[in-house]
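Novice: Got a structure here, written out as structure tokens. Questions coming.
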Amino acid sequence: QVEVVESGGGLVQAGGSLRLSCTTRGLTFANYAMGWFRQAPGKEREGISCISYSGEDIYYSDDVKGRFTIVKDVPSNTLYLQMNSLKPEDTATYYCAVRYGFDGTCQRNLVKTWGQGTQVTVSS
């Protein structure tokens with residue numbers, strides 16, 4: 001029974017920062033690729049950042065590149081997403097995902113297990 005839990009979402013003003021955290025249970029965290037996805041109302045769930053099991057390979061979508069940073073911290077068994085310079089268009093539910101691997105993209109097909117989601121709302 002693999003479980004994935006996100007935290008750290010909330011309401012923030014435009015230009016502000018948030019750090020999302022993700023922890024897992026039921027698997028060896030160090031052995032899996034991971035990713036962050038988001039879904040705004042009326043839109044598809046999109047991959048915004050994915051990372052290989054080793055942390056050596058990283059993908060960012062064009063929308064977040066330069067503003068967001070993904071970190072896979074094995075000693076604490078935690079995946080982080082540091083979000084800076086937030087914009088109202090970043091408002092969405094953010095999902096952590098355990099992935100079967102890293103293929104240079106950040107698509108849904110490689111997802112093993114989804115987290116429950118955490119809401120991020122950026123006000124103007």
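Novice: Determine which single condition Gln1 fails, assuming it passes every other condition in (1) in a loop (DSSP other than H, G, I, E, B); (2) of a type in the set (S, T, N, Q); (3) open to solvent by less than 40 Å² (accessible area, probe 1.4 Å).
Specialist: (3)
Novice: Which residues, taken from region 14-32, are under 18 Å from Val64 (Cβ atoms) and touching a Ser or Thr at 6+ places or on another chain (Cβ under 9 Å)?
Specialist: Ala14, Gly15, Gly16, Ser17, Leu20, Ser21, Cys22 - these are the residues of region 14-32 that are under 18 Å from Val64 (Cβ atoms) and touching a Ser or Thr at 6+ places or on another chain (Cβ under 9 Å).
Novice: Please determine whether any residue of region 54-70 is in contact (Cβ under 8 Å) with a residue 24 or more places away in the chain, over 21 Å from Val12 (Cα atoms), of a type outside the set (Ser, Thr, Tyr) and open to solvent by 30 Å² or more (accessible area, probe 1.4 Å).
Specialist: Checked against the condition, which is being in contact (Cβ under 8 Å) with a residue 24 or more places away in the chain, over 21 Å from Val12 (Cα atoms), of a type outside the set (Ser, Thr, Tyr) and open to solvent by 30 Å² or more (accessible area, probe 1.4 Å), region 54-70 yields at least one hit.
Novice: I've got another one for you. Looking only at region 41-53, count how many residues are open to solvent by less than 80 Å² (accessible area, probe 1.4 Å) and over 14 Å from the mean Cα position of the chain (by Cα).
Specialist: Looking only at that region, the number is 0.
Novice: Something else about it: Against the definition (more than 20 Å from Val2 (Cβ to Cβ) and either touching a strand residue (DSSP E or B) at 6+ places or on another chain (Cβ under 6 Å) or open to solvent by 20 Å² or more (accessible area, probe 1.4 Å) (or both)), how does Ser76 come out, yes or no?
Specialist: no
Novice: Considering each residue of region 4-25, count those that are open to solvent by less than 30 Å² (accessible area, probe 1.4 Å) and farther than 20 Å from Leu86 by Cβ, and give that number.
Specialist: Selection size over region 4-25: 2.
Novice: Of everything in region 97-116, what is in a loop (DSSP other than H, G, I, E, B) and either among the small types (Gly, Ala, Ser) or modelled with pLDDT under 95 (or both)? Give them in sequence order.
Specialist: Gly101, Gly104, Gly115
Novice: Filter region 26-37 down to residues that are in contact (Cβ under 8 Å) with a residue 24 or more places away in the chain and surrounded by fewer than 17 Cβ atoms within 10 Å (Cβ to Cβ) and give me whichever is farthest from Gly101 (Cα to Cα).
Specialist: Gly26
The rows are residues; the columns are (1) open to solvent by 40 Å² or more (accessible area, probe 1.4 Å); (2) more than 18 Å from Leu18 (Cα to Cα).
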{"site": "Gln82", "(1), (2)": "yes, no"}
{"site": "Tyr100", "(1), (2)": "yes, yes"}
{"site": "Asn109", "(1), (2)": "yes, yes"}
{"site": "Lys112", "(1), (2)": "yes, yes"}
{"site": "Gly117", "(1), (2)": "no, no"}
{"site": "Val122", "(1), (2)": "no, no"}
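Novice: Please tell me if Val111 is of a type in the set (Val, Ile, Thr), more than 16 Å from Leu27 (Cα to Cα), touching a residue at least 60 places away in the same chain (Cβ under 8 Å) and out of contact with any helix residue (DSSP H, G or I) (no Cβ under 6 Å at 6 or more places or on another chain).
Specialist: No: the conditions fail for Val111.
The values are calculated or read from the model by the stated rules, or taken from the named source; none is laboratory data. Computed from a predicted model, the values in this text were never measured in an experiment. Every residue, glycine among them, receives a Cβ derived from its backbone with ideal geometry; neighbour counts consider all protein chains shown. Protein only, heavy atoms only, side chains kept; ligands, DNA and RNA dropped before computing areas. Shrake-Rupley method; radii C 1.70, N 1.55, O 1.52, S 1.80 Å.
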